[in-house]
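Below is one structure; the comments refer to it alone.
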Amino acid sequence: MTKTDERLRTAIVGLGWVGTHQGRAIAEHPRGEVTAVCDLSEEQMKKFAGELEGDPKFYTDYEEMCRDSDIDAVFVGTPNQTHEPVGLEAIKNGKHVLMTKPLAGSEDAARRLVEAAENEGIVNMMSLSTRFDGPCAYLKDLAEDGYFEDLYYARAWHIRRRGIPTGFSDIKDISPDQGFIQKGGGSLRDIGVHVLDAAWALLGMPKPIAAMGVAGAKFGTRGEKFWDEARAEDFHTQDYGSGFVKFENGVGLQLDSFWASHHPEEKQIEIFGTKAGARLDPLKIFRTENEGEQDIDVSLPEGPKPFERIADHFIECVLDGEDCKAPLHQGLTVQRMLEAILESSEKGKAIYLD
């Protein structure tokens, strides 16, 4: 078998929205293959397996699945609080790991995952659909080429009007009440993480040194603005969060994340440079030449979707030895910023990061 004939045999753990989308992208890749799925819902496994060309193995026990020698890599698409046990088990068994955001349900758990992955020497990567989307990748290329000159500030926000999720965990040895609306979940870790990560990547991934924020629950605890069944009695996290992060190079980043509000839905990133600025959606460039203002609408040709880009890069990293553009340690840095914003809200003061 030649190098180009190799296929990455991948297991998908957690067949929710993210798991099925990322699993589908891996299965459809010419050098990807989904050889196993793991979920407590047999119905969900059968449904997803029906989309595949092959006949994947079914598992309800992720520990047993991770011992399977026919699996090369594992995608972890389970609730935040379960990333650590599933990820550590995969790493312990020498599997390459692709992890959905955020890296974990806490900074300490995220650190343990990074340490284990780097000690084991396996390919470890974050699945980040906003960072890997075409418009963000386009802006990142411009930034790296110096188009914006000195990038000194960014704003990132994801606002929902009615969008509190009610997902819960069904993973072995994990309490079934751990999910989006439990401790370790919340708006910042669910949707804020996407725009924070992408904005930070556009700024060149500077080192964060301090954060200040506010966060709380204004609707979830009252049973309002849920997507599905209201679960006020189970709500133990934040339905909104806002923060400011300062970086070592003097750059600043403002983040807003709301599951619920009385405002229009919007997901946006804006970057500010000394030569040009930009807005992500719709993609637009702002310049001033000879005191004349230029607003440039950018239309990109249709290309691969974010999960397809993620699958392609992960497979290249494993099979071809490409340098990973989104290793877990970057996910740890993003997690540290999120947790610092939340800690600042709780303590009522700025949090300084070592």
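For the reader, a short list of remarks on this structure follows.
- Residue that is farthest from LEU202 (Cα to Cα) [pool: residues in region 276-328 that are touching a Cys at 6+ places or on another chain (Cβ under 9 Å) and open to solvent by 80 Å² or more (accessible area, probe 1.4 Å)]: ASP323
- Test: residue in region 43-58 that is in contact with a strand residue (DSSP E or B) (Cβ under 7 Å, 6 or more places away or on another chain), farther than 21 Å from GLU6 by Cα, in contact (Cβ under 8 Å) with a residue 40 or more places away in the chain and among the aromatic types (Phe, Trp, Tyr): no
- Summed over region 72-90, residues that are under 19 Å from PRO56 (Cβ atoms), assigned to a helix (DSSP H, G or I) and not hydrophobic (A, V, I, L, M, F, W, C) total 1.
- Hits in region 1-17 - residues which are surrounded by fewer than 22 Cβ atoms within 10 Å (Cβ to Cβ) and either modelled with pLDDT of 95 or more or not in a helix (DSSP H, G or I) (or both): MET1, THR2, GLU6, ARG7, ARG9, GLY16
- Residues of region 188-217 classified as of a type in the set (Lys, Arg) and within 13 Å of the chain's Cα centre (by Cα), total: 1
- None of SER257, SER242 is touching an Asp or Glu at 6+ places or on another chain (Cβ under 9 Å), more than 17 Å from ILE351 (Cα to Cα) and in a strand (DSSP E or B) except SER257.
- Positions within region 197-240 being of a type in the set (D, E, K, R) and either touching a residue at least 24 places away in the same chain (Cβ under 8 Å) or surrounded by 15 or more Cβ atoms within 10 Å (Cβ to Cβ) (or both), in sequence order: ASP197, LYS207, LYS218, GLU224, LYS225, ASP228, GLU229, ARG231, ASP234, ASP239
The values are calculated or read from the model by the stated rules, or taken from the named source; none is laboratory data. Treat the numbers as computed from the prediction; the structure is a model and nothing was measured. Because the Cβ atoms are built from the backbone with ideal geometry, glycine has one as well, and the counts that use them run over all protein chains shown. The area values use the complete protein model at the heavy-atom level, side chains included, leaving out ligands, DNA and RNA. Shrake-Rupley method; radii C 1.70, N 1.55, O 1.52, S 1.80 Å.
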